[in-house]
Amino acid sequence: MPKRIYVGNLPRTITSRDLSKAFSRYGTVESVNLTAGSAVIVMTSGGDAAIKSLHQTDMGGRSVSVSDRK
């Protein structure tokens with residue numbers, strides 16, 4: 001079952017492609033829905049590992065918040 005992941009505190013310069021590349025290191029990214037300062041990423045595999053590994057990491061000079069979106 002796909003996992004929906006919320007990513008907050010993103011810099012304005014980040015792109016959907018940047019996020020897809022960062023998250024695909026942990027599994028399969030199905031989609032990225034980017035809005036101003038946040039995103040919802042749907043992963044078909046590796047979602048838990050991505051959340052654990054990327055939460056509070058630096059992306060474009062900001063510490064991002066990554067969590068499970070139910």
Using Cα-only point scatterers and the Debye equation, what is log10 of I(q)/I(0) for the chain at each q in 0.12, 0.15, 0.20, 0.27 Å⁻¹, rounded to two decimals? -0.24, -0.37, -0.69, -1.34
Excluding ligands, DNA and RNA, what is the solvent-accessible area per residue of the chain at a probe of 1.4 Å, expressed in Å²? 61 Å²
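How much length is gained if the chain between residue 28 and residue 49 is pulled fully straight, taking 0.36 nm per residue apart and subtracting their Cα-Cα distance, in nm to one decimal? It would help to have the intermediate numbers written out before the result.
Values: separation 21, 0.36 × 21 = 7.56 nm, distance 1.15 nm.
Taking residue 28 through residue 49 to full extension adds about 6.4 nm, to one decimal.
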Would you calculate the separation in nanometres between label points at residue 16 and residue 67, each defined as 7 Å from the Cα along the Cα-to-beta-carbon direction? 2.5 nm
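For the range 8-49, with all protein chains present and a 1.4 Å probe, just round the carbon and sulfur fraction of the accessible area to a whole percent. Present the calculation step by step, with values, prior to reporting the outcome.
Working: 1120 of 2400 Å².
Here carbon and sulfur together make up 47 percent of the probe-accessible area.
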7 Å from Cα along Cα→Cβ at both residue 57 and residue 4: what's the point-to-point distance in nm? 2.4 nm
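The values are calculated or read from the model by the stated rules, or taken from the named source; none is laboratory data. Here the structure is a predicted model, which means the values were calculated and not measured. Counting neighbours? That spans all protein chains shown, and the Cβs are built from the backbone with ideal geometry, glycine included. When the accessible area is computed, the model is the full protein with side chains, heavy atoms only, and any ligands, DNA or RNA have been set aside. Shrake-Rupley method; radii C 1.70, N 1.55, O 1.52, S 1.80 Å.
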